[in-house]
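The structure that follows is given in the form of structure tokens.
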Amino acid sequence: MDSLARTLPASWFCSSPLYQLERKGVFQKSWHFLGPVTRFQNRSEKIIYEIAQTTLIVENRSPPREGIDTEGIIVYPEDPALQIQSHLTPSGLVFATLSLNAPSFETYFEGLEQLINQVDFTKLPHRRSISYEGRFNWKTMIDGFQECLHCQYTHPTFTKYYPPTFYSVTNHTNFSQHLADPSKTSISDGLFLYFFPICTLNVYGGGISSFRTLPNTKPGVSRMEFDYYHEGTEEEFEAYFKFVRQVALEDFELCEKAQVNLESGVYGEGILNPNKENGVAFYQGRVKELVYKQYEEDQAAKELEGKIADLRVGSGGEDVKVVVAVW
Ligand SMILES: [Fe+2]
């Protein structure tokens, strides 16, 4: 049993100080998926993303013209004092960071472009976006996305088309690929991608959907944001929308109930199924690693501050010049 991965403790889903470590150690050092280029074609619309209390704005500044424009898409922080990175993949997906503390896109998502370049994301137009708040920690939702053990009893309609018997998750560098049905040779139906920490991209049911689970400063609250892309008629889109919304609503209910258990103290921690919950073990492991690293960095910074204060006292309050290494 020792070799089996364990879940994060329930306290990690309910703690404000822990969230502040996640904010600095995870969110500020990650790449976040914003959308396919088709999301950013309306020249008069600024798309606002609030991710872990940092606001990014995306707009398309090219003059209006026929077809899909990628040249004019720019991503910038609302706060002009901040600096960020952004990246457009050859297949038409836009990603951004919240600071300059994240590694390069290629290092962060090693091998991702090779996989997603098989799909042309410039084809399906944006049809609808919705957003609402949920009473659960962001990790409670990602736990559910990263495994499909719950699918059979929670998603009866979904499992009819994508049977959980074959469902498997492959973990890569900061992303996971879910394989719903190996008999489907095309990855343009049944492609589910998770981008660590909070974004997903789902190609199934004839359209593309993407969701973000945005953390609130209150650890038991998140905001769900969904974007839907489809090229069918109004009627075809509504049928697709109904199908995918059903799955999302079923997950939402499950997460609110799971959070009640996490907060009530009836659950501490458990072990994870090595085959069916390897996606959960993967992303929770990343959270743990980055939170620990942030904690150590913060502790080291505090110790250094203490030493500088001691030197000031020792020198009778005169200004002391201290040269420190910046890492
Ligand atoms: Fe689910």
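The values are calculated or read from the model by the stated rules, or taken from the named source; none is laboratory data. Only a predicted model underlies this, so the values are computations on that prediction, with no experimental measurement involved. Neighbour counts are summed over all protein chains in view; Cβ atoms, including those assigned to glycine, are modelled from backbone coordinates with ideal geometry.
Just to be sure before I move on: is Thr122 outside any helix (DSSP H, G or I) and either more than 18 Å from Gly35 (Cβ to Cβ) or not acidic (Asp, Glu) (or both) in the structure I sent? Walk me through how you get there before you give the answer.
On the way: outside any helix (DSSP H, G or I): yes; either more than 18 Å from Gly35 (Cβ to Cβ) or not acidic (Asp, Glu) (or both): yes.
For Thr122, the condition - outside any helix (DSSP H, G or I) and either more than 18 Å from Gly35 (Cβ to Cβ) or not acidic (Asp, Glu) (or both) - is met.
Exposed (fewer than 15 other Cβ atoms within 10 Å of the Cβ) and either part of a strand (DSSP E or B) or touching a residue at least 60 places away in the same chain (Cβ under 8 Å) (or both), is that true of Arg43?
No: the conditions fail for Arg43.
Would you be able to say whether some residue in the stretch 148-171 is over 21 Å from Ser222 (Cα atoms), within 15 Å of the chain's Cα centre (by Cα) and at pLDDT 95 or above?
Checked the stretch 148-171: at least one residue is over 21 Å from Ser222 (Cα atoms), within 15 Å of the chain's Cα centre (by Cα) and at pLDDT 95 or above.
A further question on this structure: Within the stretch 139-154, which residues are in contact with an Asp or Glu (Cβ under 8 Å, 6 or more places away or on another chain), assigned to a helix (DSSP H, G or I) and not small (Gly, Ala, Ser)?
In the first step, residues of the stretch 139-154 are kept if they are in contact with an Asp or Glu (Cβ under 8 Å, 6 or more places away or on another chain); the result is 141, 144-147, 149, 154.
From what is left, the residues that are assigned to a helix (DSSP H, G or I) are 141, 144-145, 154.
Those that are in contact with an Asp or Glu (Cβ under 8 Å, 6 or more places away or on another chain), assigned to a helix (DSSP H, G or I) and not small (Gly, Ala, Ser): Met141, Phe145, Thr154.
So, one more: Could you list all residues from the stretch 242-251 that are out of contact with any helix residue (DSSP H, G or I) (no Cβ under 8 Å at 6 or more places or on another chain) and within 12 Å of the ligand (Cβ to nearest atom)? If you could, list the steps in order and put the result at the bottom.
The first filter runs over the stretch 242-251 and keeps only residues out of contact with any helix residue (DSSP H, G or I) (no Cβ under 8 Å at 6 or more places or on another chain), leaving 242, 244-245, 248-249.
The answer is Val244, Ala248, Leu249.
Of Thr200, Thr159, Thr165, which residue is assigned to a loop (DSSP other than H, G, I, E, B) and either at negative phi or surrounded by 19 or more Cβ atoms within 10 Å (Cβ to Cβ) (or both)?
Thr165
Something else about it: From Ser91, Ser86, Ser99, grab the single residue that is in contact (Cβ under 8 Å) with a residue 60 or more places away in the chain and either in contact with a Lys or Arg (Cβ under 9 Å, 6 or more places away or on another chain) or closer than 21 Å to Ser30 by Cα (or both). Spell out how you get there, then give the answer.
Details: Ser91 fails: in contact (Cβ under 8 Å) with a residue 60 or more places away in the chain; Ser86 fails: in contact (Cβ under 8 Å) with a residue 60 or more places away in the chain.
The match here is Ser99.
Right, next: Would it be correct to say that Tyr240 is hydroxyl-bearing (Ser, Thr, Tyr), surrounded by 15 or more Cβ atoms within 10 Å (Cβ to Cβ) and out of contact with any Asp or Glu (no Cβ under 9 Å at 6 or more places or on another chain)? It would help to see each step written out before you state the result.
On the way: hydroxyl-bearing (Ser, Thr, Tyr): yes; surrounded by 15 or more Cβ atoms within 10 Å (Cβ to Cβ): yes; out of contact with any Asp or Glu (no Cβ under 9 Å at 6 or more places or on another chain): yes.
For Tyr240, the condition - hydroxyl-bearing (Ser, Thr, Tyr), surrounded by 15 or more Cβ atoms within 10 Å (Cβ to Cβ) and out of contact with any Asp or Glu (no Cβ under 9 Å at 6 or more places or on another chain) - is met.
Next question. Glu50 fails exactly one of the following numbered conditions: (1) surrounded by 20 or more Cβ atoms within 10 Å (Cβ to Cβ); (2) within 17 Å of the chain's Cα centre (by Cα). What is the number of that condition?
(1)
Then there is this: Could you go through the stretch 264-276 and let me know if any residue there is surrounded by fewer than 20 Cβ atoms within 10 Å (Cβ to Cβ) and assigned to a helix (DSSP H, G or I).
Yes: the stretch 264-276 contains one or more residues that are surrounded by fewer than 20 Cβ atoms within 10 Å (Cβ to Cβ) and assigned to a helix (DSSP H, G or I).
Could you tell me which of the residues Tyr204, Tyr228, Tyr167 is within 23 Å of Gln284 (Cβ to Cβ) and either away from the ligand (no atom under 15 Å from the Cβ) or in contact with a strand residue (DSSP E or B) (Cβ under 8 Å, 6 or more places away or on another chain) (or both)?
Details: Tyr204 fails: within 23 Å of Gln284 (Cβ to Cβ); Tyr228 fails: within 23 Å of Gln284 (Cβ to Cβ).
Matching residue, one of Tyr204, Tyr228, Tyr167: Tyr167.
Filter the stretch 125-138 for residues that are in a loop (DSSP other than H, G, I, E, B) and under 17 Å from the mean Cα position of the chain (by Cα); which is nearest to the ligand (Cβ to nearest atom)?
Filtering the stretch 125-138 for residues that are in a loop (DSSP other than H, G, I, E, B) and under 17 Å from the mean Cα position of the chain (by Cα), the one nearest to the ligand (Cβ to nearest atom) comes out as Phe136.
Output the residues belonging to the stretch 203-227 that are touching a Lys or Arg at 6+ places or on another chain (Cβ under 7 Å), surrounded by fewer than 20 Cβ atoms within 10 Å (Cβ to Cβ) and part of a strand (DSSP E or B).
Hit for the stretch 203-227 is Glu225, nothing else.
Can you tell me which residue in the stretch 147-163 is nearest to Gln284 (Cα to Cα), limited to those that are of a type outside the set (Ser, Thr, Tyr) and within 10 Å of the ligand (Cβ to nearest atom)? Spell out how you get there, then give the answer.
Going through the stretch 147-163, the residues of a type outside the set (Ser, Thr, Tyr) turn out to be 147-152, 155-156, 158, 160, 163.
After this cut, where a residue has to be within 10 Å of the ligand (Cβ to nearest atom) as well, the list is 147-151, 155, 158.
Working: Glu147: 12, Cys148: 16, Leu149: 17, His150: 18, Cys151: 20, His155: 24, Phe158: 25 Å.
Ranking the qualifying residues of the stretch 147-163, first place goes to Glu147.
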